[in-house]
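Notes to accompany the following structure.
The values are calculated or read from the model by the stated rules, or taken from the named source; none is laboratory data. Computed from a prediction, not measured in an experiment: that's the story for all the values here. Here Cβ is always computed from backbone atoms with ideal geometry, including for glycine, and neighbour counts include all displayed protein chains. In case anyone asks, the SASA skips ligands and DNA or RNA and just uses the protein heavy atoms, side chains included. Shrake-Rupley method; radii C 1.70, N 1.55, O 1.52, S 1.80 Å.
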Amino acid sequence: MCPLQLSNTNGSWLFPSEQPFVITDIVSPLPGREQAELTGSRLAALGIKYDVLIHSSMSRATETANIISKHLEGVDLVSCDLLREGAPIEPVPPVTHWKPDAVQYHEDGARIEAAFRRYIHRADTKQKEDSYEIIVCHANVIRYFVCRALQFPPEGWLRMGLNNGSITWLTIRPSGRVALRTLGDSGFMPPDKLTRT
């Protein structure tokens, strides 16, 4: 069940885009589409009036957003290049299975930080009612956002795991207080539909 939101609260829902077939900007296979359908159904079942659905411009995130939006009547879709997958910051501790070049961390990190600043913030002081924004993007971006929003060292982003199509819910109060309501919730999916990349 969704917790009660205080007036003038900005809530963000973050979803890793569906399971990619390979690690490129391609349309996802059947399991990812099924996950997006389940996520869309879950969001609709919560009975919340969402303000906007913002998604990464990568094709797998765009497809995920389009599938989810079929379950959320009247919610505008907005594409954003800042939300594209990438390497936000060198992880600590380092990992041996994935080592982007320093240039990639520099370029991706600046872009992903810009996305964080654009989307994860207090509501405008003139806003009188709660707002709910859905962001469909990628696990690396979501993990970085969560670390930054909670004021944890962002280098710890790779210590978290997220299932594809899972729900991460941040609430940002007018005071600036941030609450992580869920991280990677996928309990609404049958076990045979759970995947991670």
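Observations on the structure shown:
- The combined condition, being of a type in the set (D, E) and touching a His at 6+ places or on another chain (Cβ under 7 Å), is fulfilled by E85.
- Across segment 142-179, the number of residues qualifying as within 16 Å of T64 (Cα to Cα), β-branched (V, I, T) and touching a Gly at 6+ places or on another chain (Cβ under 7 Å) comes to 1.
- Selection within segment 107-120: residues that are of a type outside the set (A, V, I, L, M, F, W, C) and open to solvent by less than 70 Å² (accessible area, probe 1.4 Å). The member of this set that is farthest from E90 (Cα to Cα) is Y119.
- Top-ranked residue of segment 181-197 - restricted to ones that are open to solvent by 60 Å² or more (accessible area, probe 1.4 Å) and of a type in the set (A, V, I, L, M), ranked as nearest to the chain's Cα centre (by Cα): L183
- Criterion: assigned to a helix (DSSP H, G or I) and either among the small types (G, A, S) or more than 22 Å from D185 (Cβ to Cβ) (or both) - qualifying residue of V95, V103: V103
- Summed over segment 148-173, the residues that are open to solvent by less than 60 Å² (accessible area, probe 1.4 Å) and farther than 18 Å from I134 by Cα give a count of 7.
- Residue in segment 127-138 that is over 25 Å from A65 (Cβ atoms), open to solvent by 70 Å² or more (accessible area, probe 1.4 Å) and either at pLDDT 95 or above or among the hydroxyl-bearing types (S, T, Y) (or both) present: no
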